[in-house]
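Contents: one structure, followed by commentary.
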Amino acid sequence: MSNTERTYIMIKPDGVQRGLVGKIIARFEERGFKIVALKMAHPTEDHLRKHYADLANKPFFPGLVKYMASGPVIAIVFEGLDAVKTGRAMLGATNPLASPIGSIRGDFALAVGRNICHGSDSVESANKEIDLWFPEGITSWKSVYEGWLYE
Ligand code: UDP
Ligand code: MG
């Protein structure tokens, strides 16, 4: 766990279509996470098959890839203390109905196949996902708030 841990957060096509981009980014910014990469992209099915390679054998995989390729996404890297685990907690559970009120999925979504936002599940997958989505690299910068966020 470090102040410079990074996680890959992606607002899925339904989150973009439903106009939730600003609200989702605001939650991470307000919590204290720093944006170190951000772009809109309309991923190909091939790119998404790489992103979700671990799930290739699941029955929902073809539908998942179609859903994720159905429109543009917002790809973001957030940096901050315990970013991976905290990002997952902020998302809620995979199934929005099982997600606590106050979490992103618990507040804005209902169905597992339309759960509006992705978050890396480990530091190792975060690093892989950041390389996959940002081959051009990320932007390191120092926030003036750092002395007020961290001891
Ligand atoms: N998913 C689905 N049906 C399922 C399980 C997962 O459609 O039964 C979708 C859902 O959009 C989920 C994504 O596949 O976010 C990736 O699944 P994973 O288990 O990695 O969940 P996550 O890490 O996103 O919570
Ligand atoms: Mg996952």
I want to confirm something. Restricting to segment 116-128 and keeping residues that are in contact with a strand residue (DSSP E or B) (Cβ under 9 Å, 6 or more places away or on another chain) and part of a helix (DSSP H, G or I), which single residue is least open to solvent (accessible area, probe 1.4 Å)?
A126
Could you grab the pairs with beta carbons closer than 7 Å, sequence gap of 6+ or different chains, first residue in segment 43-71 and within 15 Å of P13 (Cα to Cα) and in contact (Cβ under 8 Å) with a residue 40 or more places away in the chain, second one part of a helix (DSSP H, G or I) and among the β-branched types (V, I, T)?
G71/V16
Given the criteria out of contact with any Ser or Thr (no Cβ under 8 Å at 6 or more places or on another chain), at pLDDT below 95 and loosely packed, with under 14 Cβ neighbours inside 10 Å, does M40 qualify?
no
Which one is most open to solvent (accessible area, probe 1.4 Å) among residues in segment 130-151 that are free of Cβ contacts under 8 Å to residues at least 40 places away in the same chain, over 15 Å from V36 (Cα atoms) and not hydrophobic (A, V, I, L, M, F, W, C)?
E151
Tabulated pairs, segment 93-122, first of a type in the set (D, E), second within 16 Å of ligand 2 (Cβ to nearest atom) and not in a loop (DSSP other than H, G, I, E, B), C-beta under 8 angstrom, 6+ apart or interchain:
D121/V84; D121/R88
Going by the conditions given, is S125 away from ligand 1 (no atom under 12 Å from the Cβ) and more than 23 Å from Q17 (Cα to Cα)?
no
Select from segment 56-98 the residues that are open to solvent by 50 Å² or more (accessible area, probe 1.4 Å) and near ligand 1 (Cβ under 10 Å from one of its atoms) and write down the one among them that is farthest from M1 (Cα to Cα).
P59
If you check G106 against the conditions, is it touching a strand residue (DSSP E or B) at 6+ places or on another chain (Cβ under 7 Å) and surrounded by 12 or more Cβ atoms within 10 Å (Cβ to Cβ)?
no
Residue check, I101 against (1) out of contact with any Asp or Glu (no Cβ under 7 Å at 6 or more places or on another chain); (2) more than 10 Å from ligand 1 (Cβ to nearest atom); (3) open to solvent by 50 Å² or more (accessible area, probe 1.4 Å), all met but one. Which one?
(1)
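The values are calculated or read from the model by the stated rules, or taken from the named source; none is laboratory data. None of the values given here were measured: they were computed from a predicted structure. Cβ atoms come from the backbone with ideal geometry, glycine included; neighbour counts cover every protein chain shown. Ligands, DNA and RNA are stripped out before the accessible areas are found, and what is left, the full protein with its side chains, is counted by its heavy atoms. Shrake-Rupley method; radii C 1.70, N 1.55, O 1.52, S 1.80 Å.
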